[in-house]
Structures are given as structure tokens and as C-alpha cells.
Amino acid sequence: MASSLSSIIDLSKPSLLACVASIAFNPTAWNIVARNEYRNKTITRIFGGNARYGCYFLALCIFSAGILRDSLYHRALLEQPKMQILPEPFDTLVPVVLFVLGQTFVVTSTWALGVTGTFLGDYFGILMDHRVEGFPFNVLRDPMYVGSTMSFAATALWYERPAGLLITAYVYIVYIIALQFEGPFTDMIYSKRASAQAESKKEL
């Protein structure tokens, strides 16, 4: 069992540890930072009370950390054992299709939500007027996370690194856990706004 596992993943590589750590760090850190922002307005105060500038700053941090995570993943893959996973021509077609679909979900999600909608603007008090129901949200509940996971899988298949598929499964688990915290908290923010609007209408 141990020998078969070592043939697909090399646990001794520091690059693997760095990759795994960065994958867990990103959603964990942003959820902590965003919740602190909602309660204490730390970033908003740094930007002189301008919530939008604060959100743009956090967006830049999240985007930069994502690029670093992807770079660490790529480096980790190249240091892992290579093994044919799919037969030709599927070894090329499947990862290409997966990557294109995954990036389509990510890019169209960002386009539909905008910068503040994508990068936790809700926690800064920048709320959307209504729920986005067009593509890709009419296909998937969490298209950005699904698309990102698909891109991880596509990269693993392209480079023929089975370890990458194990990392992809880990990514999916991390995203599911993050959503257990992110989803209910975001719902609470919008529920509070709805209650406040209902109260204001009663006073009229």
C-alpha cells in the first residue's frame, strides 16, 4: 500500500507542503479578515472610511494570493511522479475541456458579480440590490469554487500527475468547509438588511 502510494505522490517534497498550506490558507484567511471587517471595519478605517477602496484592496490581496497559490501548485506538480492517467487523445482533450469550462465559470461569475460582489464586498457593507440568477448561477450554486476545482483537475491531467488529482480532491474539501462558514454569514448580512428595510417601511 505504501509503495503504491509513493508511486503517485512524493510526500517528502517541500513544494507539496507549501502548495497544500497555501490552498488551506487562502479561504481561511479571507473569511477571518472579512468577518473582522464586518464587525470592526478595520480595512475601511485604514482607507479613511472608504469601504469601496478597502474592498478593492482586499480584492487585490485575494487575487495576488490566488496567483501565488497557483504558482505553488504548478511547482509542486512538476516535482511529483509522472504517470499516464488517460489514453490518447483523451489525455489532451479532457484537460483542455475541463480547463476551458472551469475558467468560463470563474470568469463569468466575476463578470456577473462585479469586483465588490466577487471579493467579499458584502462584509464591507456594499450589498447587491438583488440575487444574481443568470449564467453561471443558473447552472451551479457556487460556480467560482466549482470552476476553480475543475481547473486544478485539468492541470493535474495535463501534466499527468496523479498527485494533482489528490490535491484537487483536497481543494474541493477545503472549499466545501469554507462555504459552511461563508454561506450562512453572507445570508445573515442580507437577512439583516431585509429586516431593516421592512422596519423602515413600517415607520412610513
Using a 1.4 angstrom probe on the protein heavy atoms only, could you order TRP30, TRP111 from most to least accessible area?
TRP111, TRP30
If I ignore ligands, DNA and RNA and count only protein heavy atoms, how much of PHE119 is accessible to a 1.4 Å probe, in Å² to the nearest 10?
40
When the Karplus curve 6.51 cos²θ - 1.76 cosθ + 1.60 is applied with θ = phi - 60°, which whole-Hz ³J(HN,Hα) does each residue of the range 13-29 get, with x for Gly and Pro?
7, x, 4, 5, 4, 4, 5, 4, 5, 5, 5, 6, 5, 4, x, 5, 4
In deg cm²/dmol and to the nearest 500, what is the mean residue ellipticity at 222 nm of the chain if only DSSP H runs of at least 4 residues count, each as -39500 (n - 2.57), divided by the residue total?
-26000 deg cm²/dmol
At q = 0.11, 0.16, 0.19, 0.21 Å⁻¹, the log10 of I(q)/I(0) for the range 135-204 from a Debye sum over equal Cα scatterers comes to -0.45, -0.70, -0.83, -0.91
Both in Å, the radius of gyration and Dmax of the C-alpha trace of the range 2-124 are 18.9, 58
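For HIS130, HIS74, give the ranking by accessible area with the largest first, probe 1.4 Å. Walk me through the numbers on the way to the answer.
Details: HIS130 135, HIS74 70 Å².
The ordering from most to least exposed comes out as HIS130, HIS74.
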What angle do you read, to the nearest 10 degrees and between 0 and 90, between the alpha-carbon axis of helix 162-203 and the longest principal axis of the chain?
10
Considering only protein heavy atoms, what is the solvent-accessible area of MET144 at a probe of 1.4 Å, reported in Å² to the nearest 10?
50
Extension gain ALA21-CYS61, at 0.36 nm per residue separation less the Cα-Cα distance, in nm?
12.7 nm
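Considering lysine pairs in the chain that are 8 or more places apart or on different chains, how many have Cα atoms under 25 Å apart?
4
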Extension gain from VAL94 to SER195, taking 0.36 nm per residue of separation minus the Cα-Cα distance:
31.6 nm
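The values are calculated or read from the model by the stated rules, or taken from the named source; none is laboratory data. Everything numeric here is computed off the predicted structure, so don't read it as measured data. For accessibility, only protein heavy atoms count, side chains too; no ligands or nucleic acids. Shrake-Rupley method; radii C 1.70, N 1.55, O 1.52, S 1.80 Å.
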